[in-house]
Amino acid sequence: MRPDVRTITESDFSGWLQALNTGFLRPPVVTEREVASRLPHTELTRTQGAFDGGRCVATFRSFAQELTVVGGATVPADAVSNVTVSPTHRRRGLLSRMMATDLAAAKERGDVVATLIAAEYPIYGRYGFGPAAWTTEWEIDVPRTGLDPRWSGPSSQDGGRIDLVSGADVRKLGPALHDRLRARQHGVVSRDARWWELNTGENLPGPGTWTEPFYAVYSNADGEPDGLIVYRADDNWGDAKQPLNRATVLGQIAVTPAAERALWHFVCSIDWIATVRTGHRAPDDLLPLLLPDPRAARIVTQADWLWVRVLDVVRALEARTYAVPGALTLDIHDTTGLTTGRYHLDASPSGATCTPTTAAADLALDVRELGTLYLGDESPARLAALGRIEELAPGAVTLAEGMFREARRAWCPDVF
């Protein structure tokens, strides 16, 4: 029999979590505490499962999110998460059925885009998603940085200071700090109160899943928090009693260059720390170049991160700003039919208008390429050279290059 794909009920939730663990290669055991902790924060009407003989064999969930676009505006997003198919039921179209249901509902609901973090690259392009923001992780060889080992804080440089705080402090000051970041950085997504609980060890779904990190806050000369860094450290000593410890950064928010410099300098100045792993950062992070010797930071991860699927072309293109003024008519292809059509974009650095049209197109592209271009991180000229954008009017690719690209790269600090 064909597996039944449907939204789940409360009575399905434990089995759904077990299938989720199975799909992510985690022990397929679910406790009552985990069910009780996660259920109130799961919108069941947006949670799907595939069931075969009463057993859940595939999972899919989405939730409401806001995405910051170029220029600082936000758009409502359908955040896709918890996507799994059990190894016994692969290649049966279960994900395609769940994705089609979710995207149609998101379009009807009025979401402008859908977002996800892709575990595997080849899967999501066929559903209209394109990689719109990338991530880079560095490992810093602290002794090679050239930083002053006598450094004891930013106060002598800019009047600011760094303080260690608790998780409870972070739950109070973190949301406002993050909102300041997402008002200025395209690619950042919203965080709800539950995010701050889970990432500071509050109300966790099960025992033995939390190791308290260190939290350091940078405050400017006026005493206002401008930055936060979260890190853990191991305990590793060499044969000659030399400290070989590593600090692993779990997250960093900085809303000013001064805060960014001070926080990286701080974590590289902690006694006994020989290496620092930066965690996921923007590919054009200031970090390597703020070191006296940038070669002390080597790239250990560079990969696609946030994927975007445009659901409403008009609202999506009108929400962002553009580096130079220009007008383009785009012919969008979408196998689902959700966005297929021609759209005339008349844009400038202050805003844009976008309208459906029957006029001749300047560029033809799939909706997945529109998602890739949406946050200004990818080059239209590069996609055209790859054959993924077709230039129908001379000069259209060059104009699109000037309009869509941004000076700083898109970045999403979250996984979801």
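The values are calculated or read from the model by the stated rules, or taken from the named source; none is laboratory data. Everything numeric here is computed off the predicted structure, so don't read it as measured data. Positions of Cβ are generated from backbone atoms using ideal geometry, with glycine treated the same way; all protein chains shown enter the neighbour counts. With ligands, DNA and RNA removed, areas are computed over all heavy atoms of the protein, side chains included. Shrake-Rupley method; radii C 1.70, N 1.55, O 1.52, S 1.80 Å.
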- Query: Do we find a residue being over 30 Å from Ala319 (Cα atoms), open to solvent by less than 50 Å² (accessible area, probe 1.4 Å) and β-branched (Val, Ile, Thr) anywhere in segment 36-51?
  - Reply: no
Q.
Regarding segment 293-301, can at least one residue be identified that is under 19 Å from the mean Cα position of the chain (by Cα), open to solvent by less than 50 Å² (accessible area, probe 1.4 Å), within 15 Å of Leu375 (Cβ to Cβ) and touching a residue at least 24 places away in the same chain (Cβ under 8 Å)?
A. no
Residues of segment 363-416 being in a loop (DSSP other than H, G, I, E, B), aliphatic (A, V, I, L, M), open to solvent by less than 40 Å² (accessible area, probe 1.4 Å) and touching a strand residue (DSSP E or B) at 6+ places or on another chain (Cβ under 7 Å), in sequence order, are Leu375, Ala410
Note on segment 249-277: residues closer than 18 Å to Asp148 by Cα, of a type in the set (Val, Ile, Thr) and open to solvent by 30 Å² or more (accessible area, probe 1.4 Å) are Ile270, Thr275
Filter segment 206-217 for residues that are open to solvent by less than 30 Å² (accessible area, probe 1.4 Å) and in a loop (DSSP other than H, G, I, E, B); the one that is modelled with the lowest pLDDT is Gly206
Those residues of segment 218-248 that are more than 20 Å from Ala259 (Cα to Cα), assigned to a strand (DSSP E or B) and open to solvent by 20 Å² or more (accessible area, probe 1.4 Å) come to a total of 4
Filter segment 349-397 for residues that are of a type in the set (Ser, Thr, Tyr) and farther than 19 Å from Arg126 by Cβ; the one that is nearest to the chain's Cα centre (by Cα) is Ser379
Within segment 218-247, restricting to residues that are modelled with pLDDT of 95 or more and basic (Lys, Arg), the one that is nearest to Pro143 (Cα to Cα) is Arg246
Residue pairs within 8 Å by beta carbon, gap of at least six or interchain, first lying in segment 189-209 and within 22 Å of Thr115 (Cα to Cα), second open to solvent by 50 Å² or more (accessible area, probe 1.4 Å) and basic (Lys, Arg), listed first then second, are Trp196/Arg171
Test Glu108 against the criterion of being out of contact with any Lys or Arg (no Cβ under 7 Å at 6 or more places or on another chain), free of Cβ contacts under 8 Å to residues at least 12 places away in the same chain and open to solvent by 10 Å² or more (accessible area, probe 1.4 Å), and give yes or no.
yes
Listed by range, strands (runs of 3 or more DSSP E) wholly within segment 73-168 having at least 1 residues that are more than 25 Å from the chain's Cα centre (by Cα) are 130-141, 161-165
Residue pairs qualifying under the 9 Å Cβ cut-off, at least six apart or on distinct chains, with the first in segment 377-403 being closer than 14 Å to Leu365 by Cα and free of Cβ contacts under 8 Å to residues at least 24 places away in the same chain and the second being of a type in the set (Ser, Thr, Tyr) and open to solvent by 90 Å² or more (accessible area, probe 1.4 Å), are Ala381/Thr398
